[in-house]
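Chemist: Structure below; questions to follow.
The values are calculated or read from the model by the stated rules, or taken from the named source; none is laboratory data. For clarity, every value in this text was computed on a predicted model and none was experimentally measured. Quick reminder, even Gly has a Cβ in these numbers, built from the backbone with ideal geometry, and neighbours come from all protein chains shown.
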Ligand SMILES: Cc1ncc(C[n+]2csc(CCOP(=O)(O)OP(=O)(O)O)c2C)c(N)n1
């Protein structure tokens, strides 16, 4: 099953490579990984999307906790949470396609953030599956380029990951 | 106080009460070596290869429980150290390795003797640090010792660029360490401990399975107390030997791939298994699917949560320091009115004695050729079971583990997890430094000993009275054994040709060398060697080339699929 794991860790050089190295050394999946400093500049927050059986996920959490730079680990799938990802898609937009693209973009609540002669660049946020759905709804031939940030996640309500 | 980075390094090591630093100099650590020259609080042991420095420091730690310290230069010094670091990491040995690094401004520019030590060592350390400012040296070294020694111990690398060792900085050694990201758990959960006690008291076929954690966690006394009170059989892993006295009647021997029949069968057939500081690894339980037994409940005590339920699902996990958890169990049992099920236990022991009666460790005692097992038995007799035995990796290692009855922890020093050939001699050096008057035997093979043979020179320089017990079978014996069993006798590259004259080799270093070719001479040679209390003696025992290690659980099989010598 897919799991979203949030990690608070010391904002130290090399911390990212320790996490990435752990996943590759133990042959765990990484679907996506994002990391940035938090409001407390000494801490970074990482979100990893991974998948595996319950046993594997349990090991991943334990192994992450074992890393000396890791302060806290939360498996967001243990409770209610929100997942968001940002995607930029550059699509062909010529002739009648220009309206069609605009409509698709509106349906998915995206925004056109760059307009060029033959193309639009669309910004879209949402869960990974919403972004997938958008791409599926498009004709493959019109997609010129996509870039995704990977998921960020946060617990709902009073589920808070903080020191 | 303003000191140079190099002086600070020395002060920190002194503050940590380091007695020996095993190392090898080079450009990036010249400033540190200059400060070593000027001090006499700790002794520097110059080895002949950095791998040996790390192994020796590792063995010093295994023998004493203190953090072992090694010092190497950048580039090739650092890469030579890696095998030693990985070896210590796999066996959870507390160590601090200080490596030199190219000067800060040169890092990343492919400078002379630059290698990314942090990157290279990352997968085989508990943690590592690159020191980027002279003011960080003291706090970093303090943290390194703290991390190495606490929780599940392990090696920590501190990589220090050359310019940092020259910079001046304020020095103050931190009194304590506080790390929000690292707070090892000590005490086990009381509720879980009570649950475990209940299971143990209700068990019909109980079993204590203990590993290196008992040795590293100094929990042998508590284990003995617990086992004696409950009357349960005890088995040790390769790493756990000595954690429970081998001459005690409740000891059923080592378990695993080359464990005894009684240990493996009891392990497979028990109904309550209490694992203490052990990790159910593949050489111990074989195939987890075959190991699975629906009628068995497992209690697992370990300081490392990630060791629990990693290979085998556990029913009652207890995360905590094994010594503390076993002590708490003993206290609870002191206050306990219930007792173990005596009738069930009696029946269980009858079954175990039946397995034990098969004498799975018998071998041909009337052989004209020296049997390796016989040498180890005699070694045990001659040293009255009181020696430190270091070992290399191969058949000789298994025979040493099977036939030398270790009654005390920290006496059996070997590379269990990584299985590193070449550790034997440097391990013996580390142990001899730790206990200068002790009897130290290095049991080795002619393949393994040649992987760090250059250390004969270090042994000469420091007058180390080590006794090398070479079981010379002219084969990479363990490889040959697998080729015999699983590759239809195709002995691909496992014959060791062109061996040196070991006696002459030893003598060329000023050591004593002996060739022993007849069983009748074995005891005499060992006695003579150990009587030379101030000499390094190299005993070359010419042993049976075709001897195999039994029992054997083939790779990927279950513990009860064990093969005995008599089966073939
Ligand atoms: C550094 C290293 N290389 C290779 C091996 C694989 N290996 C395991 S046992 C063994 C043979 C050891 O031969 P020897 O030291 O002569 O001991 P014997 O088995 O004959 O007692 C080998 C090559 C290893 N464990 N370590």
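Chemist: Considering only helices (runs of 4 or more DSSP H) fully contained in the range B:429-520, which possess at least 2 residues that are under 21 Å from residue B:400 (Cβ atoms), in the same structural domain as residue B:379 (by TED's automatic domain parsing) and out of contact with any strand residue (DSSP E or B) (no Cβ under 9 Å at 6 or more places or on another chain)?
Modeler: B:477-486
Chemist: Residue A:69 - would you say it is within 14 Å of chain B (Cβ to nearest Cβ) and touching a helix residue (DSSP H, G or I) at 6+ places or on another chain (Cβ under 6 Å)?
Modeler: Yes; evaluated as a whole, the condition is true for this residue.
Every residue, every condition in (1) in contact with a strand residue (DSSP E or B) (Cβ under 8 Å, 6 or more places away or on another chain); (2) under 19 Å from residue A:86 (Cβ atoms); (3) free of Cβ contacts under 8 Å to residues at least 60 places away in the same chain, yes or no:
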site: A:6; (1), (2), (3): yes, yes, no
site: A:13; (1), (2), (3): yes, no, yes
site: A:24; (1), (2), (3): no, no, yes
site: A:29; (1), (2), (3): yes, no, yes
site: A:37; (1), (2), (3): yes, yes, yes
site: A:40; (1), (2), (3): no, no, no
site: A:47; (1), (2), (3): yes, yes, no
site: A:56; (1), (2), (3): no, no, yes
site: A:59; (1), (2), (3): no, no, yes
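Chemist: Going through the range B:428-455 one residue at a time, which ones are more than 14 Å from the ligand (Cβ to nearest atom) and either crowded, with 24+ Cβ neighbours inside 10 Å or within 14 Å of chain A (Cβ to nearest Cβ) (or both)?
Modeler: Within the range B:428-455, B:428, B:429, B:430, B:431, B:432, B:434, B:440, B:441, B:455 meet the criteria.
Chemist: For the structure I just gave you, tell me whether residue B:209 is over 23 Å from residue B:306 (Cα atoms) and within 20 Å of the chain's Cα centre (by Cα).
Modeler: Judged against the criteria, residue B:209 is not a match.
Chemist: Additional query: Quickly run through the range B:521-537 and pick out the residues that are closer than 18 Å to residue B:438 by Cβ and not in a loop (DSSP other than H, G, I, E, B). Full working, then the answer.
Modeler: Quick first cut of the range B:521-537, residues closer than 18 Å to residue B:438 by Cβ only: B:526-527, B:529-537.
Once the filter is applied, which keeps residues that are closer than 18 Å to residue B:438 by Cβ and not in a loop (DSSP other than H, G, I, E, B), the range B:521-537 yields B:526, B:527, B:529, B:530, B:531, B:537.
Chemist: Sticking with this structure for a sec: Being surrounded by fewer than 16 Cβ atoms within 10 Å (Cβ to Cβ) and touching a strand residue (DSSP E or B) at 6+ places or on another chain (Cβ under 6 Å) narrows it down to one residue among A:142, A:115, A:70, A:147; which is it?
Modeler: Going through A:142, A:115, A:70, A:147 in turn, the sole match is A:147.
Chemist: Further, regarding this structure: Among the residues of the range B:471-482, which ones are more than 6 Å from the ligand (Cβ to nearest atom) and either in contact (Cβ under 8 Å) with a residue 40 or more places away in the chain or over 14 Å from residue B:552 (Cα atoms) (or both)?
Modeler: If the condition is that a residue be more than 6 Å from the ligand (Cβ to nearest atom) and either in contact (Cβ under 8 Å) with a residue 40 or more places away in the chain or over 14 Å from residue B:552 (Cα atoms) (or both), then B:472, B:474, B:480, B:481 are the ones that fit.
Chemist: Here are B:208, B:223, B:238: which of them is in contact (Cβ under 8 Å) with a residue 40 or more places away in the chain and in a helix (DSSP H, G or I)?
Modeler: After applying the criteria, what remains is B:223.
Chemist: Give me a count of the residues in the range B:132-146 that are surrounded by 23 or more Cβ atoms within 10 Å (Cβ to Cβ), more than 16 Å from residue B:15 (Cα to Cα) and within 12 Å of chain A (Cβ to nearest Cβ).
Modeler: Going through the range B:132-146 one residue at a time, the tally reaches 0.
Chemist: Tell me the residue from B:389, B:375 that is within 16 Å of the ligand (Cβ to nearest atom), crowded, with 24+ Cβ neighbours inside 10 Å and assigned to a strand (DSSP E or B), please.
Modeler: Criteria check complete, one pass: B:389.
Chemist: Please pick out the residue among B:420, B:458 that is touching a residue at least 40 places away in the same chain (Cβ under 8 Å), within 16 Å of the ligand (Cβ to nearest atom) and either within 14 Å of chain A (Cβ to nearest Cβ) or over 20 Å from residue B:371 (Cα atoms) (or both).
Modeler: So the residue among B:420, B:458 that is touching a residue at least 40 places away in the same chain (Cβ under 8 Å), within 16 Å of the ligand (Cβ to nearest atom) and either within 14 Å of chain A (Cβ to nearest Cβ) or over 20 Å from residue B:371 (Cα atoms) (or both) is B:420.
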